[in-house]
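First up is the structure itself, then whatever we jot down about it.
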Amino acid sequence: MKRKLSPEEFTRLAIEKLRLENYKGIHTVYSGFNEAFKTYFDGENPIGMTDRLAAEGKIGLRPVKGGVMIYPPGEGAELSRGDQALKKMGLLDEVQGQPSVKRPG
């Protein structure tokens, strides 16, 4: 019998195997990750675990419509789409790692 994966190993494997072409990460709801996690870990909630892994820098996590996207560390989008648009328009600076909107004048 195979040994049971740790939550971190399970998450890394899920990101690798469940992501679609041209995507760096997976949507935790639409990919089936949350449901698979609950089944594999006897009903344990994946939200706390993914939040912990993100806080430890072991995965990237970004809130999106309907859930969150999880990524391998350093591969996820650091800015929201809105912030990315503002940055391309030259209206966004990063101040101490946090987005800051440039105001005229």
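Tell me which of Gly25, Leu5, Met69 sits at the most positive position along the dipole axis of the range 1-72, charges placed on C-beta atoms (Lys, Arg +1; Asp, Glu -1). Of the candidates, Gly25 comes out farthest on the positive side.
Determine, from the Cβ-Cβ distance of Leu5 and Thr39 and an R0 of 22 Å, the FRET efficiency 1/(1 + (r/R0)^6), rounded to the nearest 0.05. It comes out at approximately 0.95. Pairs exceeding 31 Å between alpha-carbon atoms, taken from Lys38/Lys87; Lys4/Lys24; Lys2/Lys65: Lys38/Lys87; Lys2/Lys65.
Ranking of Ser6, Ser31 by neighbouring Cβ atoms within 10 Å, starting from the fewest: Ser6, Ser31.
Please state the relative contact order of the range 7-71 as a whole percent: Cα pairs under 8 Å, 6+ residues apart? Present the calculation step by step, with values, prior to reporting the outcome.
On the way: 63 pairs, mean separation 21.7, N = 65.
Once divided by the residue count of the range 7-71, the mean separation gives 33 percent.
Here the calculated FRET efficiency for Asn22 and Asp93, from their Cβ-Cβ distance with R0 = 25 Å, stands at 0.30, rounded to the nearest 0.05.
Taken about its Cα centre, the range 7-71 carries a charge dipole of roughly 280 debye when the Cβ of each Lys and Arg holds +1 and the Cβ of each Asp and Glu holds -1.
A short reminder: the numbers here are calculations on the coordinates, not readings from a lab. Everything quoted here is computed from the prediction, not taken from an experiment. Counting neighbours? That spans all protein chains shown, and the Cβs are built from the backbone with ideal geometry, glycine included.
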